[in-house]
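All of the numbers you see were taken from the coordinates with simple rules; none came from a lab. The shown structure was predicted, so the numbers you read here are calculated from the model rather than taken from an experiment. We place every Cβ from the backbone using ideal geometry, glycine too, and count neighbours over all the protein chains shown.
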Amino acid sequence: MAASDSEFNPDLLLAHKLPETRYTYNERDVAIYALGIGACGQDAVDSDELKYVYHKNGQEFIQVLPTFASLLSLGSLTEGLELPGFKYDPSLLLHGQQYIEVYKPLPSKASLINKVSLAGLQDKGKAAILEIETRSYEKGSGELLCMNRTTVFLRGAGGFSNSSQPFSYKNYPSSQGLAALLYRLSGDYNPLHSDPNVAKFAGFPRPILHGLCTLGFAIKAVIKCVCKGDPSAVKTISGRFLTTVFPGETLVTEMWLQGLRVIYQTKVKERNKAVLSGYVDIRGLSSSL
Ligand SMILES: CCCCCCCCCCCCC/C=C/C(=O)SCCNC(=O)CCNC(=O)[C@H](O)C(C)(C)COP(=O)(O)OP(=O)(O)OC[C@H]1O[C@@H](n2cnc3c(N)ncnc32)[C@H](O)[C@@H]1OP(=O)(O)O
């Protein structure tokens, strides 16, 4: 049960304004991210993937994978957030879901202003589910590049509201081995992904893989198999992390087309277990598929 010093007050919570944050990245960050989700990992001259890590054929800019958008919100979140009347133990936090809308192809370097808001909070008794929405605007032009909705599953933080009518708030319609050590260089340094003692304390036999790393692998496979290697075809991405992945496990992504929606499921091959499922909406498909 969540420890709350002050009485839980939904009005106070919903009126609470979260601070704006800033995020700047460059081509080096873009390339390190792509390597962290396995770009060119099988073949250093992979003709579909070299563009994510190198100025292939003299291209002016390194191309940015749409899941890079998920990093833009992290700067504002990994420090944690203060919400009035609500407490949680950060060591028991798990990334539950990620939803991303990409409004235009991401530039290979940018300075951004993130507007952060509370998109949802649910009391599940044994856990609380918190949803944070981050809208990332290009500094200067003020153009909105993308939106991330990050869902965190806060084990042990439920029970903060009236148990006969548990609190449930959503401000949007509901329609919608080395790996971790390399991936953390993209900015998520949570020791849950690298330190065996921290992982043990959190209830895992060894460090677990970042959810956004698994998501990156999965969406890269969708771009390769369905979008013919064109990352700008991706409009929205949704994914739910079903169970933990351990670094070194083999990820296999299966996908099905449903109109302009790709339904996908990622499994860990060694355990034949589904670890991630979701969908990708794409801008258009050529008839030759
Ligand atoms: C004030 C707080 C501020 C915090 C701000 C911090 C922001 C942090 C930034 C982002 C995160 C960065 C840190 C990254 C961490 C990671 O990457 S962790 C690794 C990736 N994640 C995982 O490996 C999690 C894998 N999933 C699981 O282990 C399980 O699914 C689970 C999350 C533990 C839940 O399983 P279980 O306890 O068995 O739940 P259930 O009993 O099945 O369901 C209970 C209710 O919860 C709903 N639910 C279940 N799973 C999820 C999910 N993944 N996301 C969202 N909701 C989920 C489920 O529907 C149930 O609801 P009801 O049906 O209404 O009862």
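Evaluate the relative contact order of region 194-289 (contact order divided by residue number), counting alpha-carbon pairs under 8 angstrom at least 6 apart; express in whole percent. Relative contact order of region 194-289: 26 percent.
Modelled this way, with points 7 Å down the Cα-to-C-beta line, the labels at Tyr169 and Arg240 are 2.3 nm from one another. For the pair Leu92 and Arg261, a Förster radius of 30 Å applied to the C-beta separation gives a FRET efficiency near 0.35, rounded to the nearest 0.05. Projected label points at Asn162 and Leu178, each 7 Å from Cα along the beta carbon direction, are separated by 5.6 nanometres. With contributions of -39500 (n - 2.57) from each DSSP H run of at least four residues, the per-residue ellipticity at 222 nm computed over the chain stands at -4500 deg cm²/dmol. Estimate the FRET efficiency between Glu82 and Arg271 by the formula 1/(1 + (r/R0)^6), using the beta-carbon distance for r and 45 Å for R0, to the nearest 0.05. Working from the Cβ atoms, E equals 0.75.
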